[in-house]
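Notes follow the structure.
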Amino acid sequence: MSKNLVIVESPAKAHTIEKYLGSDFKVLASVGHIRKDTKVDKSTFDVTYEIDPEHKDIINELKKEVKTANKIWLATDEDREGESISWHLLEVLKLPKTTARITFHEITKPALEEAIKNPRTVDMDMVASQQARQTLDMLVGYDLSDMVRKKVPGAISAGRVQSPALRLVVEREKEIEKFDSKFNFKVTGKFKKSAEFEATYDGNAPETEEAATKLLEKLLDADFVVTDVADEEGIKSSPVPFTTAALQIEANAKLGFSSRTTMAAAQGLYQSGLITYHRTDSLNLSRQAVAEMANYIEKSFGKEYLKVRSFKTKDASAQEAHEAIRPTSVARTAAGKNEYEKKLYQLIWARTLATQMASAKVAKTTITLEGKKEPFVAKGEVVIFDGFLRVYGKARDLELPKLSKGDKVANLGLYARQNYSKAPARYTEGSLVKKLEELGIGRPSTYASIMTAIQARGYVVKGESEGSSRTIVEIRAENGKVQRETVSEKYGANKGKLVPTPIGELVADFLVDNFKNIVDYKFTANIEKDLDLVAEAKLERVKMLKDFYGPFRDTVLVAQGVERYNNAKLLGHDPETGKPIYAKVGKNGGFIQLGDNEKEAGEKPRFAPLPKRKSVKTVTLEQALKQLALPSLPRILGKAKDGNEIIAANGPFGPYLKAGKYNIPMKDYDPYTVTLEEALPLYEAKINSIIADWEDIMIINGAYGPYIKGPGRRNNVKVPSDVDPKKITREQAEEMLKNKPKTTRRGVRGGRSKTRAKKSAKVSKKS
């Protein structure tokens, strides 16, 4: 029998903690929330909780251990969500309110020992704040989602915090659509004294090809003289430590990680005791950590590289933790159990170390030269002391030759290149998180779920386009003559950027027109502040909910009278039939419609998909006519060698091939234009991937190895690596499907289960 029972959230965290606490402690995991809030009384805001059916065995084990333990310690995460889980454990396990609650910013022996020495009880104000947030999200989710499903074709749901994020993406897309790209000519020159260097024209940029040509003709035989040389020393300041938002932004920019990937890797590092708690608004670093880093920097790089700093969090509402994200030991330069964790750990290690290193020093040189009174400027920069750049960031030298005022330089060539102004950049996950943080929307624990939600609902997708090509003019003045030539350049690439879908645009427009507060940035940020006040016992939970829900419910009632949103656009009329041609949005996205609706016209209209990378707003009549001329689907392509007919079709999950009993996804091909020659390799790859086929049960060699597919959706089980899939019998396959591990839908909080509660679950007392 263990004298002490410690309850944490995840098995991985439990395993790490148990190593440090010794034989007197037994550490078990609740595996996230053990209860779910399933119903809210809209007058009293009481919440009904249900036991999660998949947690019954876990709860029984915890109850058994509670009976025999001398002391219970609740050690869930230190944020509001963790506090709420501890309260649910108190309720379900029938623990006294005086049960010890401990928190720690890192899973290390000293931190755990310190936490054990200074226990507290469950903070009911933090619990109330979490309940208020959850209740708000449920109330908004139920009413708003029901409304958008009725009023917006293809809409699935809408959320309190995700809706402003969607609005940001849609508004940026509208800015891009309205952007009128103009051009001028950027003029540069190559010059030489002791070495070659480049300089940029410092006058008014020519706005026409004629003006650019005249300028280069004027300077073709010009003598260039240095008119000024300016030298100055500059500083590149070392960075601040990582908060959750900053980590997601930097991991997206430097590693290409999505917010979800970043948080999953950080969760693994934290649970393994490698970094401090990864959901935090704080910039603070503990004295012990700073002392350890100072010692490491001085020994590894020298005293001149050390510059001890302390940081204060600007946002007064920062409350999710008391330290920034840092390694638990700076001496550990590499860590992680997979490539994602290793890359993220290296980023955290380098960034944290850089915060305590000296700023970099650079020597900046600006050279001004003139030819026939036309000014050119060259700028150079050389790092004279790398400081923090030794471990974080890059030092790029651009050295200019040593020149003095009055020096003559040789003109090696002048170049004018047509330069188009750039439209506002689409958001990446990182830049959208940064914008939400600036607006005060969301909290460290919610950014990743916001990114996931707007994409999972089909309102936003990550772009795949490498851009389009356009012809630009280059004028070259060299070797005594001026020449014109044209070159091609790419523009408008959206690969990896967040692009709203037609349905996403409709949902955002509907919410802006009918639920201004829900998508208002200041209003949403003020709710976050109110939740902070609830956590600080400065605002009562029920009052906060009443103040919000009353006006919101009135808005919902008004919106019920709004006509169904479609945003159809009349493109013109068909030259042959005279019927109208529309661009519309339906439940599966945008489409072209020839003819009016059947009720109005008495006959069914014809449909065609929107052209790729075109929206209802950007498609033209000419493009629509081309789409309507495409063959109808499904389309027979021909037969495979085994006699099976290959058919191209389009379904709710995109284009696919139908061949016999198999449906084969066809992501990279258009079902209207794909040929039999292109389709056959896809069919053959499908046939070759099937190891065994018993009609309702199959063994398939998938992208992640062989697995057994049973009847129904998501009825799969992976074949163990030590089992030969070719030797598995049908009976063995049935047994493996029957005994497959139970799975839970997991959110970005790692071990916190997001499983749905069943109706048969036991209902607990109301909160």
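The values are calculated or read from the model by the stated rules, or taken from the named source; none is laboratory data. None of these values were measured; they are calculated from a predicted model. Every residue, glycine as well, gets a Cβ built from its backbone with ideal geometry; the counts of neighbours run over all protein chains shown.
Some notes on this structure:
- Considering the conditions (1) buried (at least 16 other Cβ atoms within 10 Å of the Cβ); (2) over 22 Å from Ala14 (Cβ atoms); (3) among the polar types (S, T, N, Q), Thr333 is excluded by exactly one of them, (1).
- Selection count, segment 121-164, where residues are in contact (Cβ under 8 Å) with a residue 40 or more places away in the chain, of a type in the set (Val, Ile, Thr), more than 20 Å from Val558 (Cβ to Cβ) and assigned to a loop (DSSP other than H, G, I, E, B): 3
- Selection status of Val161, modelled with pLDDT of 90 or more, farther than 30 Å from Glu323 by Cβ and within 26 Å of the chain's Cα centre (by Cα): no
- Conditions (1) outside any helix (DSSP H, G or I); (2) modelled with pLDDT of 85 or more; (3) touching a strand residue (DSSP E or B) at 6+ places or on another chain (Cβ under 6 Å); number of the one not met by Lys641: (3)
This table checks each residue for (1) in contact (Cβ under 8 Å) with a residue 60 or more places away in the chain; (2) in a loop (DSSP other than H, G, I, E, B); (3) assigned by TED's automatic domain parsing to the domain that holds Glu370.
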{"position": "Leu216", "(1), (2), (3)": "yes, no, yes"}
{"position": "Val226", "(1), (2), (3)": "yes, no, yes"}
{"position": "Val229", "(1), (2), (3)": "yes, no, yes"}
{"position": "Ala251", "(1), (2), (3)": "yes, no, no"}
{"position": "Thr261", "(1), (2), (3)": "yes, no, no"}
{"position": "Ala265", "(1), (2), (3)": "yes, no, no"}
{"position": "Arg279", "(1), (2), (3)": "yes, yes, no"}
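Residues checked against (1) under 26 Å from Lys726 (Cβ atoms); (2) of a type in the set (A, V, I, L, M, F, W, C); (3) out of contact with any helix residue (DSSP H, G or I) (no Cβ under 9 Å at 6 or more places or on another chain); (4) assigned to a loop (DSSP other than H, G, I, E, B):
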{"residue": "Ile646", "(1), (2), (3), (4)": "no, yes, no, no"}
{"residue": "Pro671", "(1), (2), (3), (4)": "no, no, yes, yes"}
{"residue": "Ala679", "(1), (2), (3), (4)": "no, yes, yes, no"}
{"residue": "Tyr683", "(1), (2), (3), (4)": "yes, no, yes, no"}
{"residue": "Lys686", "(1), (2), (3), (4)": "yes, no, yes, no"}
{"residue": "Ile699", "(1), (2), (3), (4)": "yes, yes, no, no"}
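- Cβ-Cβ contacts under 6 Å between residues 6 or more apart (or on different chains), taken from a first residue in segment 504-516 that is farther than 13 Å from Leu144 by Cα to a second residue that is of a type in the set (Phe, Trp, Tyr), are listed as Gly504/Tyr459; Leu506/Tyr565.
Residue by residue, here is whether (1) over 30 Å from Arg553 (Cβ atoms); (2) within 35 Å of the chain's Cα centre (by Cα) holds:
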position	(1), (2)
Leu5	yes, no
Glu9	yes, yes
Lys13	yes, yes
Thr16	yes, yes
Lys19	yes, yes
Phe25	yes, no
Arg35	no, yes
Lys42	no, yes
Asp46	no, yes
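- The helices (runs of 4 or more DSSP H) found entirely in segment 1-114 that carry 3 or more residues being under 30 Å from Asn284 (Cβ atoms) are 11-21, 80-92.
- Wholly enclosed strands (runs of 3 or more DSSP E) of segment 466-561 bearing at least 2 residues under 26 Å from the mean Cα position of the chain (by Cα): 481-491, 498-500
- In summary, strands (runs of 3 or more DSSP E) completely within segment 576-627 and bearing 1 or more residues that are under 39 Å from the mean Cα position of the chain (by Cα), modelled with pLDDT of 90 or more and closer than 21 Å to Asn650 by Cβ occur at 580-586, 589-594.
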